[in-house]
1. Any residue in region A:259-271 that is surrounded by fewer than 24 Cβ atoms within 10 Å (Cβ to Cβ) and within 8 Å of another protein chain (Cβ to nearest Cβ)?
2. Looking at (1) buried (at least 21 other Cβ atoms within 10 Å of the Cβ); (2) touching a helix residue (DSSP H, G or I) at 6+ places or on another chain (Cβ under 6 Å), find the lone condition where residue B:375 falls short.
3. If a residue has to be within 11 Å of chain B (Cβ to nearest Cβ) and closer than 17 Å to residue A:5 by Cα to count, how many in region A:196-218 make the cut?
4. For region A:1-68, give me every one of the strands (runs of 3 or more DSSP E) that falls completely inside it and has 1 or more residues that are under 25 Å from the mean Cα position of the chain (by Cα) and within 14 Å of chain B (Cβ to nearest Cβ).
5. State all residues of region A:69-90 that are part of a loop (DSSP other than H, G, I, E, B), surrounded by fewer than 16 Cβ atoms within 10 Å (Cβ to Cβ) and over 20 Å from the mean Cα position of the chain (by Cα); if no residue qualifies, say none.
6. Give the residues of region B:123-154 that are more than 13 Å from the chain's Cα centre (by Cα), over 24 Å from residue B:24 (Cβ atoms) and in contact (Cβ under 8 Å) with a residue 40 or more places away in the chain, sorted by residue number.
7. Can you name the number of the only condition in (1) within 20 Å of residue A:286 (Cβ to Cβ); (2) surrounded by 19 or more Cβ atoms within 10 Å (Cβ to Cβ) that residue A:355 fails?
8. Please verify whether region B:163-171 includes one or more residues that are within 15 Å of the chain's Cα centre (by Cα) and not in a strand (DSSP E or B).
């Protein structure tokens, strides 16, 4: 761990089948006016909405609603939410949903009292909040983004064709998150699998970088093994509580800042996936899956020792009698077989992309510099082409 | 992760060669009167004392001293410290030292204003603090206990021949800890190695329990691999920054509550080691090392699948063509070879124990119930005998 860093994560987590008990304990710390933020309304079908509303009423809260948060929350929605929050004189924002709803709630928390246009301030100028921040809590119903224990918030501006993430400081982290694995049972299979690969990719983006020796890499190998194991169980039986709970916990720790400590990180797969999404509107995790194999098989030659280590420590490949390259490639083959087994989308064509779009996607791709190879436009094109 | 649990860790960590920069940032949040708590005075020889005092003066603090905290802090010392803290009207307690100094500072923080006898309240009745708690910060100079990021505090009462630990809640956790791996360079070799095994044992005590599938176990396998790897480097070159930094980070995460989440734990090796220490005054980590192999070789038969998993995932043993027991035993053999390689004390005789003491040590041993086998007195005797 060669660098200097600070670690501080003030989010309180309540985990398990009884996690909702924590909601009451936490709500009592905040004011009466609660803005209840949620998405398309599936929480009204699966009973979670009723449970949350009951808890809010039991604690004497005034409930103000802000539903309809979309999978990629827009700046227009955010501006509308600010209006609602101000009118409600919201003391607290309770996000009930997945990563998008949590992301939106955090953006809202720093925008309600900011007095400037939130888009310009946070997503163009990357300013830090200087106004009062409305505290946020989360009841998580979908797993993958890790938004429940970090400061990340991604907002989309369709007019400007931009989808931008701001990683806010610890004062914007959710004050608490309620993690009940059973709340994720009703997530459709495609979304569950997509979420699993989002987690996998979060870990790999932080793992495949640097040549130093670092405890964080060992922690990530542990998280990866747990995820790989539990994913296979969850796709066979989505109601396997043990598997779903392990996946939920892994998702939180994959992106709550811990495993990046003391090391460099990559994030190129996310940049490729986000560029694909901008042109196809495909599901986030699937865009990552579709470009991963081509990307990793290409950069493997620039970070061979780490890819060989990955093969041995994560996929159980025996390195005996093999070159480092053979070992590394065997690891990626094992990863590819696993991805197919759990039902991930393995090519861009299936997500609606085609050869004619490639130049546009290349242009939309932000180039990161922390991985084993800094890509140029031609290399990005070749990787996307190999992913078609 | 089958259980319900809460995770909340409010300790802020500053890590790295520049970690001391964090001290100034944090000190500015607290009042003027700082009680500076430290141990035998080695920090005056290695320059850390001067650096801390300079920082305190720069931030306009009034410094009140409470040195001489012993390796096993006593209740008498604690009572004396309360006097000092009250006289100083301490706004903040800054602990500079290893686990004992941090432990002592936390006990002090809940005792200064408690108005009752701290021993009776916290270490006999296990009450929770109801009085004002003086905030604590740590500058860590020795690695192993994990006290820098948890609520644990162990106090010794020689009169009553008792050494008791209280695990306080998150309101007693240090507000911040300064973790500069270079500050641990001057720790004597024997103490460094002892600390390494204390870390190892913290992880194993949480790992060797339960039959469920749990992300925490995977995280521990990662921590163990990192520790085993870095320990071998550190004993060859104690000034290898990378190795010492990995060991320091591993120690913190081995016992800051994370890796026990959602699972049961054992802690029997610590009970055996503490009983040995009560009769020999031997160094904590070495007492754990001396009893570990006999304990694990005995309980292995009751938790075979986990011991076989340990062999494969932590020690790289190939299970091919072997019974589960053979695999498990090979793992313990590999562990024993590593323990000898890094210079741990492998038997009780070397720590001053002898056959005549065994009955007394058995009587002093608290029996835990979370491991793979609940021991009776005869079994404890046999394990201690095998450890002589």
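1. yes
2. Condition not satisfied by residue B:375: (2).
3. Here the count works out to 6.
4. So the answer is A:5-15.
5. Matches in region A:69-90: A:89 only.
6. Hits for region B:123-154 are B:123, B:124, B:126, B:128, B:129.
7. Failing condition for residue A:355: (2).
8. Yes, the conditions are met somewhere in region B:163-171.
No lab work stands behind these numbers, since they all come straight from the coordinates. The shown structure was predicted, so the numbers you read here are calculated from the model rather than taken from an experiment. Positions of Cβ are generated from backbone atoms using ideal geometry, with glycine treated the same way; all protein chains shown enter the neighbour counts.
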